[in-house]
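One structure below.
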Amino acid sequence: MPKVLGGSLEAHRREVRTRVFEVLRVQLYERGFDAITLAGVAAAAGVGRSALYNHFPDKESLLVAFVEDESARYVERLREAVEAETDPVAQLAAFVRLQLRVLAEHHLPPGTALESALAPSAYRRISAHGDPIAGVLRTVLLAGVDAGSWPAQDVDVVIPMITAALGSRQVIDVPPGRLAEVIDTAIRFVRQAIGSAELPG
């Protein structure tokens, strides 16, 4: 394998990160964070140990960088899904639907497990990535108030309630064939919780 992948140092950096993150995603699911080693990730990704250490000096920094990358991709996807709808009620449904579908697809440890595995500073960096998601939800909720879709309310209180409800793996821990039904139930639950009129889908 050539020392520089992709023809330039920047392309090489992106290629290394892509390979390493793909391996880490699989290993987090199969083994859990505690069992992962930088040497094992490097070997599975086909990347030299020294190259990996140049990018990620320890396991915590690797996990933080991975979550930052995943979060940035997800927030962009979430904004696109919400902005594809023009009505706040449909936007709220799109938000809930994507949150639960992505939770069902991904297998990162829940927040409390990460908190125990990481140093406080690393966990705070990961936790900060909830803020852009809450920002999308805030925009939807305020737009719904302006449109008369639901009553005015303290969104700073409502947002953590909604995100807590949507962040539980118990909600989507069902056979795949039932996931759509569960998501529809969650959408109705969130609408009712904020005082939205009951609407189909």
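Checking each residue in region 69-80 for being surrounded by fewer than 17 Cβ atoms within 10 Å (Cβ to Cβ) and among the small types (G, A, S) picks out only A72.
Does L142 count as without any contact (Cβ under 8 Å) to a residue 60 or more places away in the chain and either surrounded by fewer than 12 Cβ atoms within 10 Å (Cβ to Cβ) or of a type outside the set (D, E) (or both)? Judged against the criteria, L142 is a match.
For beta carbons closer than 6 Å, sequence separation of 6+ or different chains, a first residue in region 145-171 that is open to solvent by 70 Å² or more (accessible area, probe 1.4 Å) and a second that is at pLDDT 90 or above and part of a helix (DSSP H, G or I), the qualifying pairs are A152/V145.
Residues in region 21-68 that are aliphatic (A, V, I, L, M), at pLDDT 90 or above and exposed (fewer than 15 other Cβ atoms within 10 Å of the Cβ): A39, A43. A94 is checked against (1) under 20 Å from the mean Cα position of the chain (by Cα); (2) surrounded by fewer than 17 Cβ atoms within 10 Å (Cβ to Cβ) and fails just one. What number does that condition carry? Here A94 clears every test but (2).
On the stretch given as region 147-201, residues that are more than 19 Å from E105 (Cβ to Cβ) and not basic (K, R) total 29.
The values are calculated or read from the model by the stated rules, or taken from the named source; none is laboratory data. Bear in mind that the values here come from a model prediction, so they are computed numbers and not experimental data. Heads up, the Cβs are rebuilt from the backbone with ideal geometry, glycines too, and the neighbour counts pull from every protein chain shown. Side chains included, ligands, DNA and RNA excluded: accessible areas come from the protein's heavy atoms. Shrake-Rupley method; radii C 1.70, N 1.55, O 1.52, S 1.80 Å.
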